[in-house]
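Read through the structure below, which is laid out as structure tokens, and then see the notes.
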Amino acid sequence: MIVIGEKINGTIPSVKKAIEAKDGEFIRNLAIKQVEAGADYIDVCASTAPEFEVETLKWLMDIVQDTVDKPVCIDSPNARTIEAVFKYAQKPGIINSVSEEGDKCEVIYPLIQGTQWQVIGLTCDNNGIPCDVKTRVDITKILVEKAQKYDITPDRIHIDPLVMALSTDNTSLMNFVETTRTIKTLYPTIKVTSGLSNISFSMPLRKVVNQGFLTIAAFVGMDSAIMDPSNRDMLATLLATEALLGRDKYCRKYSTAYRKNKIGPIKEE
Ligand code: THG
């Protein structure tokens, strides 16, 4: 599983406070903790008022890039914000995200043409998030076909089927499963991604539901997850799932994580 660490996000109250206080040390620690736990990319999302978004994202990107070696995943609902901060990235990472809303593809795709950058494509359009599999697949096809015009191949695209809350739509997970299988049949090299927490919205014991989702999503071929690898329970579920799926020879990664005190009950030094 490709792990996109989600903790540097201005929607989290402690991060919002750190952004307002310009507390670089707090952000630096989040970057280090996530990379130590196995993050492959560090998502950076400012979530400030639009007039400060570019400045804040640049600040976050600079801190992450000065602290860890992993590339950033630039997270903004505004394609023009992404366009403005793109030049501050020190190595190719992931753009989060394009969709069929407005002219997002037309702004983002030229930026990453001829580069190693990857992009997350959300399956939504000007009508919002579809409830059915077919519209999600149709939007995926448009995102892929538009990308082709800029020589962006499917292996550089992570499709995010935008899972709904299970509490309002009990077919949410099964829709995700069917969407994933269908688009992987159409485009064998495409990647599928998801945040793990939307599914459990308004349910008690959300983490239990999120962990179950991670396991099933991994089983059906999800390639990347936007998650908190420094959460011991979530990391334990991820590593146990990878071992169960035969992707961890002799369960070495799982055992090492336990031995290094990254999962399971905390062992005092
Ligand atoms: N898809 C894509 N991008 C996304 C999302 C997605 N970006 C934003 C979001 N969803 C993923 N990021 C977060 C970040 C923080 C939390 C949830 C999703 C969050 N954090 C709490 C905290 O850290 O305090 C609680 C964490 C916890 O319960 O462990 O809720 O879906 N493409």
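From the residues in the stretch 249-269 that are of a type outside the set (Val, Ile, Thr) and in contact with a Leu (Cβ under 7 Å, 6 or more places away or on another chain), which one is least open to solvent (accessible area, probe 1.4 Å)?
Initial filter on the stretch 249-269 (of a type outside the set (Val, Ile, Thr)): 249-255, 257-262, 264-265, 267-269.
Those left that are additionally in contact with a Leu (Cβ under 7 Å, 6 or more places away or on another chain): 253-254, 257, 262.
Details: 253: 129, 254: 89, 257: 10, 262: 78 Å².
Residue satisfying both the conditions and the ranking: 257.
When you look at residue 185, is it away from the ligand (no atom under 13 Å from the Cβ), polar (S, T, N, Q) and either surrounded by fewer than 23 Cβ atoms within 10 Å (Cβ to Cβ) or not in a loop (DSSP other than H, G, I, E, B) (or both), yes or no? Spell out the reasoning first.
Values: away from the ligand (no atom under 13 Å from the Cβ): yes; polar (S, T, N, Q): yes; either surrounded by fewer than 23 Cβ atoms within 10 Å (Cβ to Cβ) or not in a loop (DSSP other than H, G, I, E, B) (or both): yes.
It is true that residue 185 is away from the ligand (no atom under 13 Å from the Cβ), polar (S, T, N, Q) and either surrounded by fewer than 23 Cβ atoms within 10 Å (Cβ to Cβ) or not in a loop (DSSP other than H, G, I, E, B) (or both).
If you scan the stretch 8-18, which residues turn out to be under 14 Å from residue 57 (Cα atoms) and either buried (at least 21 other Cβ atoms within 10 Å of the Cβ) or without any contact (Cβ under 8 Å) to a residue 24 or more places away in the chain (or both)? Please lay out each step first, then the result.
Restricting attention to the stretch 8-18, the residues satisfying the condition of being under 14 Å from residue 57 (Cα atoms) are 8-11, 15-16, 18.
Within the stretch 8-18, 8, 10, 15, 18 meet the criteria.
Anything in the stretch 86-96 that is within 13 Å of the ligand (Cβ to nearest atom) and either at pLDDT below 95 or open to solvent by less than 10 Å² (accessible area, probe 1.4 Å) (or both)? List them, or say none. So that I can check it myself, show each step before the final result.
At the first step, the residues of the stretch 86-96 found to be within 13 Å of the ligand (Cβ to nearest atom) are 94-96.
Result: 94, 95.
Of all residues in the stretch 129-153, which are within 18 Å of residue 193 (Cβ to Cβ), touching a Pro at 6+ places or on another chain (Cβ under 8 Å) and surrounded by fewer than 20 Cβ atoms within 10 Å (Cβ to Cβ)?
Selection gives 144 alone.
If we scan the stretch 192-201, do we find a residue that is over 14 Å from the mean Cα position of the chain (by Cα), within 13 Å of the ligand (Cβ to nearest atom) and open to solvent by 10 Å² or more (accessible area, probe 1.4 Å)? Steps first, please.
Looking only at the stretch 192-201, we keep the residues that are over 14 Å from the mean Cα position of the chain (by Cα), and these are 199-201.
Applying the additional criterion that residues be within 13 Å of the ligand (Cβ to nearest atom) yields 199-201.
Narrowing further to those that are open to solvent by 10 Å² or more (accessible area, probe 1.4 Å): 201.
Looking through the stretch 192-201, at least one residue is over 14 Å from the mean Cα position of the chain (by Cα), within 13 Å of the ligand (Cβ to nearest atom) and open to solvent by 10 Å² or more (accessible area, probe 1.4 Å).
In the stretch 18-46, what count of residues is obtained for those that are over 17 Å from residue 95 (Cα atoms), within 13 Å of the ligand (Cβ to nearest atom) and in contact with a Phe, Trp or Tyr (Cβ under 8 Å, 6 or more places away or on another chain)?
Selection size over the stretch 18-46: 1.
Given the criteria open to solvent by 60 Å² or more (accessible area, probe 1.4 Å), modelled with pLDDT of 95 or more, more than 14 Å from the ligand (Cβ to nearest atom) and more than 29 Å from residue 144 (Cα to Cα), does residue 83 qualify?
On the way: open to solvent by 60 Å² or more (accessible area, probe 1.4 Å): yes; modelled with pLDDT of 95 or more: yes; more than 14 Å from the ligand (Cβ to nearest atom): yes; more than 29 Å from residue 144 (Cα to Cα): no.
It is false that residue 83 is open to solvent by 60 Å² or more (accessible area, probe 1.4 Å), modelled with pLDDT of 95 or more, more than 14 Å from the ligand (Cβ to nearest atom) and more than 29 Å from residue 144 (Cα to Cα).
Could you please find all residues in the stretch 130-165 being modelled with pLDDT of 95 or more, more than 14 Å from the ligand (Cβ to nearest atom), outside any helix (DSSP H, G or I) and not acidic (Asp, Glu)?
Correct list: 130, 149, 150, 152, 153.
Residue by residue through the stretch 220-262, note down the ones that are away from the ligand (no atom under 16 Å from the Cβ), farther than 23 Å from residue 189 by Cβ and of a type in the set (Val, Ile, Thr).
If the condition is that a residue be away from the ligand (no atom under 16 Å from the Cβ), farther than 23 Å from residue 189 by Cβ and of a type in the set (Val, Ile, Thr), then 256 is the only one that fits.
Here are 173, 186, 162, 166: which of them is out of contact with any Pro (no Cβ under 6 Å at 6 or more places or on another chain), among the hydrophobic types (A, V, I, L, M, F, W, C) and on the phi > 0 side of the Ramachandran plot? Show your work before the answer.
Values: 173 fails: on the phi > 0 side of the Ramachandran plot; 186 fails: on the phi > 0 side of the Ramachandran plot; 166 fails: on the phi > 0 side of the Ramachandran plot.
On inspection, the qualifying residue turns out to be 162.
Note down all Cβ pairs under 6 Å where the first residue falls in the stretch 114-143 and is more than 19 Å from residue 222 (Cα to Cα), the second is not acidic (Asp, Glu), and they're at least six residues apart or on different chains.
115/92; 116/92; 117/92; 125/139; 129/162; 130/136
For the stretch 207-232, what are the residues that are part of a helix (DSSP H, G or I), in contact (Cβ under 8 Å) with a residue 24 or more places away in the chain and surrounded by 14 or more Cβ atoms within 10 Å (Cβ to Cβ)? Can you show your working first?
We begin by selecting, within the stretch 207-232, every residue part of a helix (DSSP H, G or I); these are 207-219, 232.
Subset that is in contact (Cβ under 8 Å) with a residue 24 or more places away in the chain: 207, 209-211, 213-219, 232.
The answer is 207, 209, 210, 211, 213, 214, 215, 216, 217, 218, 232.
State whether the residues of the stretch 50-70 include one that is in contact with a helix residue (DSSP H, G or I) (Cβ under 6 Å, 6 or more places away or on another chain), open to solvent by 40 Å² or more (accessible area, probe 1.4 Å) and within 15 Å of the ligand (Cβ to nearest atom).
no
Can residue 36 be described as surrounded by 14 or more Cβ atoms within 10 Å (Cβ to Cβ) and in contact (Cβ under 8 Å) with a residue 12 or more places away in the chain?
Working: surrounded by 14 or more Cβ atoms within 10 Å (Cβ to Cβ): no; in contact (Cβ under 8 Å) with a residue 12 or more places away in the chain: yes.
Considered against the rule, which asks whether it is surrounded by 14 or more Cβ atoms within 10 Å (Cβ to Cβ) and in contact (Cβ under 8 Å) with a residue 12 or more places away in the chain, residue 36 comes out as no.
The values are calculated or read from the model by the stated rules, or taken from the named source; none is laboratory data. Since the structure is predicted, the reported quantities are computational estimates derived from the model, not experimental observations. Reconstructed Cβ throughout: ideal geometry from the backbone, glycine too, with neighbour counts over all protein chains shown. Side chains are part of the model used for accessible areas, which takes the heavy atoms of the whole protein and leaves out ligands, DNA and RNA. Shrake-Rupley method; radii C 1.70, N 1.55, O 1.52, S 1.80 Å.
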